[in-house]
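Working notes, structure below.
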Amino acid sequence: MKKNKKRKLLVEISLITTIIFSAIFVNYSVSDYYMTQEVYLSAKNEMIAYDIDGIRNLLLTFDNMKWFFDYMKVNGDEITARLERGEQPPYADTEYFDTWMKYLSDPDFDVNSVSDEYRASFALHIGGFCREVISNMKERFNYVDVFFLAVHDEHESYIIDDSGEKVLRSHDVSEHSAIKQMLDGSIKSEDQTVFEKYYDKSRAIYCYTGYEPFFQDGELVGYIGLEYDWSAFHNDRKRRMIISIAAAFAVLLVLNGLLVFYLNVKAIAPVSKVKESMLDYMENKDSEAVREKMNGIRVRNEIGVLADSFAGLAEEMNRYTGEIRQLTADREHAEAELSVAARIQEDIIPGTFPAFPERREFDIYASMDPAREVGGDFYDFFMIDDDRLVMVMADVSGKGVPAALFMMSTNIRIHERASMGGTPAEILSSVNANICKNNQSLMFVTVWLGILELSTGRLIAASAGHECPMIKKGAKYEMLKDKHGRPLGVKESSAYENYELMLKKGDGLFVYTDGVAEATDKDDRMFTTDRMLEVLNSETDLSPEDTLRNMRRAVDDFVKDAPQFDDLTMLCLKYYGA
């Protein structure tokens, strides 16, 4: 079965070449046959026209040929019988001779003025003359028929030939183009010769006939016809054509066999070997075996180039596969490290809720969803004494591992400095100076830092270029346009300012990073702080945890399938009073 499949292309090529070259040979042979035929018959045209003119000139020696042909239509059988018996015209009869000479020389002679016997004698003389002329013409120039044709109608015509008898011949106009032209009057001049070739089934010969009109006294009497038998030439050319086509087919079979053999050696067999090597390589991935098999292909053509290219491809595929394995291993190792880093990052920021179950003055909840495995945002909250709660929301420039490392470093610095005491502005100033001393990466971080005195509701806060917080005072949330200092890490001498708020029972705080407001959908539209306020004010009595879940749900519904490009970090606090 496989062998048959391998030979399928050879069979197709063999069939195509056979069809193409056969068509070329047959077309050439047939074209040559018809061209030779036309040249041969064209050479006969001049001969036939010349001989017809000779017959015309002989017939014109009689001034009353129209009478003769009309007479023969009626009395042809009798005249023919007398000629067959060898009856001689009575030339010795002086009265007849004088009348005969008048018939020959006097165009005004009324042939009907003489007796029936004399008219029969005239016809006998002329018929014998025509019979002799026709016989000599046929014998001398090898014509199969010399005749005088008088077309009767679309189906019949009268023909007088060397037998001398009146012949009523049936014919079909569709088979004889010349007779059709006679009927429609297309032949109007004695110089106009019409030629026709056809196959005479009754005599089994190929005929080539020339016709010319015969006029006397300006009146059409009939048509002179010469019929030539060109069967020998036709059959010889046909035989030669058949032999030529047969010889061409024989040569074609030999050449086709050589072509198939050449293609098999130079193309099919090498391609089959390449195919087998490909299948083996797909199964075993052995590029050395492929190279060994491809080196066995000795053809110096495109197939040889293909074989060498495939061997090189197999070697390159092995090399590439090895690199992919190494890259995959490296990636798995990196992903494992990133997973550890993400867990470390999660451990740095508070993640246990409720965070302070023993405190009744407030409730707090926070979340961070990094855009990558690890993020650059962070939040933090912790008690620095029994009455003061520190809250931090920060956003590091950049993403990924560098931002995460910078985030962890900054978070530790802020936590340590806040634990030492001081206002938010003092804490930010101290941490900024510390970062700027050794910030070769030129990274920076925006920070909002607030310290809430739980016993009084007094909130002191400062901002290092961070987003404006949302403050719930009474029934709804509003954005607080607080004072912004420079982000940490930009300039060592940066100064920061404190601002105060007094929270009452039921008031709240919502701080976030820019990833929330700038979350975008597939049309690049942002979520915006206005939508944030709408979501916050849609249900103001929710717990901090439900408030963040409600906000995240609204963001997800807005962006839908669009990818997350930035970290989403939020913190919400609700104050219940001392």
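Scanning segment 544-563 for residues that are open to solvent by 40 Å² or more (accessible area, probe 1.4 Å), farther than 14 Å from T513 by Cα and in contact (Cβ under 8 Å) with a residue 12 or more places away in the chain yields E545, K560, D561.
Taking first residues from segment 481-505 that are at positive phi and partners that are of a type outside the set (A, V, I, L, M), the Cβ contacts under 7 Å between residues at least 6 apart in sequence or on separate chains come to G489/N432; G489/C436; G489/N439; G489/F444. The set of residues in segment 526-539 that are out of contact with any Lys or Arg (no Cβ under 6 Å at 6 or more places or on another chain) and of a type outside the set (A, V, I, L, M) comprises F527, T528, T529, D530, R531, E534, S538, E539. In summary, T540 fulfils each of the numbered conditions (1) of a type in the set (V, I, T); (2) in a helix (DSSP H, G or I); (3) closer than 20 Å to I364 by Cβ with the single exception of condition (2).
Screening Y143 with (1) open to solvent by 40 Å² or more (accessible area, probe 1.4 Å); (2) out of contact with any Pro (no Cβ under 9 Å at 6 or more places or on another chain) gives one miss only, at (1). For A461, the stated conditions hold: it is modelled with pLDDT of 95 or more and farther than 22 Å from G398 by Cβ. When L501, L533 are screened for being under 18 Å from L571 (Cβ atoms) and assigned to a strand (DSSP E or B), only L501 passes.
Every residue, every condition in (1) touching an Asp or Glu at 6+ places or on another chain (Cβ under 6 Å); (2) open to solvent by less than 40 Å² (accessible area, probe 1.4 Å), yes or no:
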| position | (1), (2) |
| --- | --- |
| M470 | no, yes |
| K473 | yes, no |
| K483 | yes, no |
| G489 | no, yes |
| S494 | no, yes |
| E500 | no, no |
| G506 | no, yes |
| E518 | no, no |
| D521 | no, yes |
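Given the structure, is V133 modelled with pLDDT under 70 and among the β-branched types (V, I, T)? So V133 does not fit the description; no.
Please determine whether any residue of segment 76-83 is modelled with pLDDT under 75, of a type in the set (G, A, S) and open to solvent by 20 Å² or more (accessible area, probe 1.4 Å). Scanning segment 76-83 turns up no residue that is modelled with pLDDT under 75, of a type in the set (G, A, S) and open to solvent by 20 Å² or more (accessible area, probe 1.4 Å). Among the residues here, I414 qualifies as under 16 Å from L571 (Cβ atoms), free of Cβ contacts under 8 Å to residues at least 40 places away in the same chain, of a type in the set (V, I, T) and surrounded by 16 or more Cβ atoms within 10 Å (Cβ to Cβ).
Of all residues in segment 397-411, none are farther than 14 Å from L488 by Cα and aromatic (F, W, Y).
Taken together, the residues in segment 205-215 that are within 15 Å of I52 (Cα to Cα) and either open to solvent by 10 Å² or more (accessible area, probe 1.4 Å) or not polar (S, T, N, Q) (or both) amount to 7.
Filtered by the rule that a residue be closer than 14 Å to T446 by Cα and either open to solvent by 20 Å² or more (accessible area, probe 1.4 Å) or under 60 Å from the mean Cα position of the chain (by Cα) (or both), segment 417-432 gives a lone residue, S429.
Among residues belonging to segment 357-397 that are open to solvent by 50 Å² or more (accessible area, probe 1.4 Å) and part of a loop (DSSP other than H, G, I, E, B), point out the one that is nearest to W448 (Cα to Cα). Taking the candidates together, the pick is D385.
The values are calculated or read from the model by the stated rules, or taken from the named source; none is laboratory data. Since the structure is predicted, the reported quantities are computational estimates derived from the model, not experimental observations. No Cβ is skipped: glycine too gets one built from the backbone with ideal geometry, and neighbour counts run over all protein chains shown. In case anyone asks, the SASA skips ligands and DNA or RNA and just uses the protein heavy atoms, side chains included. Shrake-Rupley method; radii C 1.70, N 1.55, O 1.52, S 1.80 Å.
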